[in-house]
Amino acid sequence: MNYKNFPMVSRVIFGRGSFNQLDEILSPKRLSTKAPFIYFVDDVFKGNAWLTSRIPLSYNDKLIYVSVAKEPETSQIDELVEEIILNFKALPSGIVGIGGGSVLDIAKAVSIMLTNDGEAKDYQGWDLVKNPAIYHVGIPTISGTGAEVSRTTILTGPERKLGINSDYTPFDQVILDPELTKDVPKDQWFYTGMDCFVHCIESLNGTFLNAFSQTYGEKAYTLCKEIFLEDTLSIQDSQDKLMMASWHGGMSIAYSQVGVAHALSYGLGYLLGIKHGIGNCIVFDHLEEYYPDGVTMFKAMKAKHNIVLPQGICKDLSDKEFDIMINVALSLEPLWENAIGKQWKKTITREKLKALYKKM
Ligand code: NAD
Ligand code: ZN
């Protein structure tokens, strides 16, 4: 057995209003007055002075608003890196991502590509990054993906949707300020929150489970139940706890793996551009066969919050299109091995996956 020796976020600050400490956190990390901090901020915050007026811009620091209408693409990372290299004489002091999983992944990927040659697509995979990334900071504004704690950054490239998984990917610093999530729209709160719930179910029911993953996974699962099924929490407690559930869910899969919902959801994302959170919900709704208790609970959560998921999204697809999704899903071998076991190829056939996709 060769056990994984994986890196963690080196520093984390938690608390409502902790975002106000950004300046004191970054100042000692400034390399020179010529080496700026680059902030990638979700463009949903454009004109939102409550948040943006607290971003400490000095010297050549730059704030770049990014649209997350689409999930991050490798070409987008290459363009952002080029823009930074062309506009600044020195490498930045650091990259700061402020937003959801999409912006956090952009910040991670740009910080890696600033010190590694070639294009982002060359690094999609496991342990392909050669040089340490520059200092990078993650500040989530919505909770659930676990991107704030993970060792990956998920990118859609010309050939595949796959992360840059490396020891250099995790953030050097994370700021967990649950107050930043206060204006998340209800549907999006549910979809991204369910990403966390699905992480727990897939990790806790996987063959890769171990005490490390289980302890984090069980905590996150309990928190999700409390947040999405009970009425006992204040809004603030619910925000605080979902932020911690996301963190624990991410820690759980770090040492195990996700499963069937994620594999199929990647196929939907690649072909139809369906985003991670809602994609997981659409898929998970049909996975009773694999996760009976989890799916029952998911349906109860969905009903409680009056969430109506899109139906029939695959009904007009051609055989060729089903094949594309099936190829993406089947290529994610570790996910299937975790979900089903080493013999997964015996039961997970192309026909099986097509029948599942046809239900969605
Ligand atoms: P997101 O970043 O795509 O954001 C979803 C929506 O919420 C956007 O419209 C955004 O503008 C809005 N939003 C975010 N914060 C808000 C706020 N405070 N107020 C109002 N609106 C706000 O969503 P996500 O679900 O957090 O992230 C999904 C992305 O994360 C996908 O690209 C997925 O591939 C990636 N992901 C990465 C990992 C990882 O480990 N790296 C894990 C899971 C998912
Ligand atoms: Zn996920």
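The values are calculated or read from the model by the stated rules, or taken from the named source; none is laboratory data. Bear in mind the structure is a predicted one, so any value in this text is a computation, not a measurement. Cβ placement follows ideal geometry from the backbone for every residue including glycine, while neighbour counts extend to all protein chains displayed. Areas reflect the complete protein model, heavy atoms only, side chains present, ligands, DNA and RNA absent. Shrake-Rupley method; radii C 1.70, N 1.55, O 1.52, S 1.80 Å.
For a straight C-alpha distance cut-off of 25 angstrom, the lysines reachable from K359 (same-chain residues fewer than eight places away being disregarded) are K70, K161, K275, K299, K302, K304, K315, K320, K345, K346. Overall, the accessible surface of the chain at a probe of 1.4 angstrom is composed of carbon and sulfur to the extent of 51 percent. Roughly how many whole Å is it from the C-alpha centroid of region 55-104 to that of region 190-227? What the calculation gives is 31 Å, centre to centre.
Loop-located trypsin sites (Lys or Arg not before Pro) across region 82-121 with a Cβ neighbour count of 11 or fewer within 10 Å are K89, with loop assigned by DSSP. Using only the Cα atoms of region 1-137, build the gyration tensor, take square roots of its eigenvalues as a ≥ b ≥ c, and label the shape rounded, prolate or oblate: rounded if a/c is under 1.5, else prolate if a/b is larger than b/c, else oblate. Cα axes put region 1-137 in the rounded bin.
Taking A120, A147, A90 in turn, the Gaussian network model of the chain (Cα-Cα springs below 10 Å) assigns the largest fluctuation to A90. The stretch between I307 and L128 holds 60.4 nm of extra length on full extension. This uses 0.36 nm per residue minus the Cα-Cα distance. Near the amide H of V174, within less than 5 Å, lie the amide hydrogens of R11, V12, I13, G138, all on another chain or at least 5 residues away, with H placed in the peptide plane.
Averaged per residue, the chain has 44 square angstrom of accessible surface, using a 1.4 angstrom probe with ligands and nucleic acids left out. When every Cα-Cα distance of the chain is counted in 10 angstrom steps from zero, the calculated P(r) takes the values 5, 25, 34, 24, 9, 1 percent.
Once the Cα atoms are used to define both axes, helix 186-204 deviates from the longest principal axis of the chain by about 70 degrees.
In a DSSP loop and with at most 15 other Cβ atoms within 10 Å, the chymotrypsin sites (Phe, Trp or Tyr not before Pro) in region 26-100 are Y59, F88. Taking a Cβ cut-off of under 11 Å around G94, the surrounding Lys, Arg, Asp and Glu residues balance to a net charge of 0, with basic ones at +1 and acidic ones at -1. In this structure, the amide hydrogen of I64, modeled 1.01 Å from its nitrogen in the peptide plane, lies closer than 5 angstrom to those of Y39, F40, V41, counting only residues at least 5 positions away or on a different chain. Approximating the spin labels as points 7 Å out from Cα along Cα→Cβ, the K315-to-K345 distance works out to 3.7 nm.
Summing charges over neighbours of K130, with a neighbour being any other residue whose Cβ is under 12 Å away from its Cβ, gives -4 when K and R count +1 and D and E count -1. The amide H of T115, built 1.01 Å from its N in the peptide plane, has I134 as neighbours under 5 Å, considering only residues 5 or more places off or on other chains.
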